[in-house]
C-alpha cells in the first residue's frame, strides 16, 4: 500500500497543495546551519580581512534575499509574504566553525520552514563563496529545522540539538 502524500494526486502526479481554505495564522520557523573551516579562515572572517568584503554582512543579506525567493527554488513551495527574516551567527574559535541561525516569520496559510532552511543554507553557501580563495576545505553541514510554530501541526522543537 502506498501512503498518500499531499503533493501527489490520485494519478501519482505532483501538484501544489491547495491551501485556499486554510486559516491564516502567525507562523515562525528557525533553522540552523554550520560551516567548518581552517582556524586562519575563521580569524580572517572575524577580523574582516577577507578580500571579497565583509563575509557576515554579505551572508546575512544573501540569506534574507534567499528566504524571499524560496518558492522560486523549491517547486511545490507556496509563495508566502514574509513579515520578518533574521540571521545570526555564532563562532566556535576552538573547533573553528560558524553556526548560523535563521528566523523567519509570516502570517499565512502555510509555514515558513522552507524559507528558514533556505536562508540558513544560503548564508552558509555565501560564507563558502566569500572564503573559497583561501580555504577550499570548508564544510557546510548540519542544516536542519530547530523549531516552528503556528498552523495545524502546531509547535515543533528539535530535541537533539547537535
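The numbers here are math on the coordinates, done by the rules we state, and not lab data. Worth saying up front: this structure is predicted, and the values here are computed from it rather than measured. Backbone-built Cβ (ideal geometry, glycine too); neighbour counts: all protein chains shown.
To keep it simple, each residue is scored yes or no on (1) closer than 25 Å to residue 132 by Cβ; (2) without any contact (Cβ under 8 Å) to a residue 40 or more places away in the chain; (3) surrounded by 13 or more Cβ atoms within 10 Å (Cβ to Cβ).
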position: 7; (1), (2), (3): no, no, no
position: 14; (1), (2), (3): no, no, no
position: 28; (1), (2), (3): no, no, yes
position: 32; (1), (2), (3): yes, no, yes
position: 38; (1), (2), (3): yes, no, yes
position: 49; (1), (2), (3): yes, yes, no
position: 58; (1), (2), (3): yes, no, yes
position: 66; (1), (2), (3): yes, no, yes
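So for the range 95-106 (the condition being under 18 Å from residue 62 (Cα atoms), without any contact (Cβ under 8 Å) to a residue 24 or more places away in the chain, surrounded by 15 or more Cβ atoms within 10 Å (Cβ to Cβ) and touching a strand residue (DSSP E or B) at 6+ places or on another chain (Cβ under 9 Å)), does at least one residue qualify? Among the residues of the range 95-106, not one is under 18 Å from residue 62 (Cα atoms), without any contact (Cβ under 8 Å) to a residue 24 or more places away in the chain, surrounded by 15 or more Cβ atoms within 10 Å (Cβ to Cβ) and touching a strand residue (DSSP E or B) at 6+ places or on another chain (Cβ under 9 Å), which makes the answer no.
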